[in-house]
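The values are calculated or read from the model by the stated rules, or taken from the named source; none is laboratory data. The structure presented is a predicted model; accordingly, all values stated were derived computationally and were not measured. So basically every Cβ, Gly included, is an ideal-geometry build from the backbone, and we count neighbours across all protein chains shown.
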Amino acid sequence: MKVAFSLGSALMVLAGFANAHTYLSKLALDGVQESEGQCIRPYPADRNYPVKDVTSTDITCGVGGVSKTASETCPVKAGSTITVEWHHDNDSASDDVIDITHLGPCMVYMAPLESNGSGDVWFKIFEDGYDAATSTWCVNKIRNNGGKLDVALPADIKSGDYLVRTEIIALHESDTDYAVNPARGSQFYVNCAQVSVTNGGSAEPQGYAIPGIYKSTTPGVIFNLYSSYSSYPIPGPAVYVSGPGNDIGESPNESTDASAEDSTSAP
């Protein structure tokens, strides 16, 4: 893909800073819509601001997320669908979800709730990055769908209480290593919800540590959105796939499931 540089797109990026951020607003479990913030760990005052330091514990569940718990844990059946919904300001239909300049992938992880996200406990259940055939990103997809994204729970994981960690990586400043220039670098929009899985199996997918899966120089964390590219390496472990012997699962590094939206040039 060839991305053109232009003054107009530069101004669009600058204008987007005021309304660019996002947060996990609510869930729908098995088609049942929960209210805003229900079963989601409490937000900080600036709930839609990103985390940039991948070595910080804030990368686990968002700012202060590991020190808080949700007021309730929502029940959901193994193998069913969770719809996660992001917004910028609130859950109104007119909300802009996230600015179009903040292109990037979406991932969803799970970990046993009792771990509070600490240690080698996180396994990835979903990823969606860049579709070269349509030149679109996961961010395009959620913008086109009112902030909503459907995620299938593994059918064979053990019943019990889990954290569900949602993550968007905005790549508009990811051409620069955050450790070198903290004013730039990838922006991680991270939140955690709490669910109680029923009708599960016996699988305990291999876990990974968060923080730990990323470095500031990991491909996909550092990425030049404004260069020519035809693929994107989604960072982190492979997606867990249900089935006998699939303790880790297999997944391509490049997602091909994204919907079309207006393309954006960048400065």
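Taking the stated definitions as given, is ASN144 surrounded by 15 or more Cβ atoms within 10 Å (Cβ to Cβ), among the polar types (S, T, N, Q) and under 30 Å from GLU204 (Cβ atoms)? Before you say what the answer is, go through the steps one by one.
Values: surrounded by 15 or more Cβ atoms within 10 Å (Cβ to Cβ): yes; among the polar types (S, T, N, Q): yes; under 30 Å from GLU204 (Cβ atoms): no.
Criteria not met by ASN144.
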Based on what the data block shows, is THR69 over 17 Å from the mean Cα position of the chain (by Cα) and over 13 Å from SER25 (Cβ atoms)? yes
Among (1) more than 30 Å from GLU114 (Cβ to Cβ); (2) buried (at least 16 other Cβ atoms within 10 Å of the Cβ), where does PHE188 come up short? (1)
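Here is a list: LEU113, LEU153. Which entry is within 18 Å of the chain's Cα centre (by Cα) and either modelled with pLDDT of 95 or more or at positive phi (or both)? Before the answer, list the steps.
Values: LEU113 fails: within 18 Å of the chain's Cα centre (by Cα).
Selected residue: LEU153, the only one of LEU113, LEU153 that is within 18 Å of the chain's Cα centre (by Cα) and either modelled with pLDDT of 95 or more or at positive phi (or both).
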Which of the following residues is farther than 30 Å from SER202 by Cβ, of a type in the set (D, E, K, R) and in a loop (DSSP other than H, G, I, E, B): GLU85, GLU36? GLU36
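In region 231-253, how many residues are assigned to a loop (DSSP other than H, G, I, E, B) and at pLDDT 85 or above? Please lay out each step first, then the result.
So in region 231-253, the residues assigned to a loop (DSSP other than H, G, I, E, B) come out as 231-238, 240-253.
The next check asks that each one be at pLDDT 85 or above; those that pass are 231-238, 240-242.
Counting residues in region 231-253 that are assigned to a loop (DSSP other than H, G, I, E, B) and at pLDDT 85 or above gives 11.
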Quickly run through region 13-28 and pick out the residues that are modelled with pLDDT of 90 or more, of a type outside the set (Ser, Thr, Tyr) and surrounded by 20 or more Cβ atoms within 10 Å (Cβ to Cβ). LEU24, LYS26, LEU27
Answer with yes or no whether LEU171 is in contact (Cβ under 8 Å) with a residue 40 or more places away in the chain, under 20 Å from GLU34 (Cα atoms) and touching a Gly at 6+ places or on another chain (Cβ under 8 Å). no
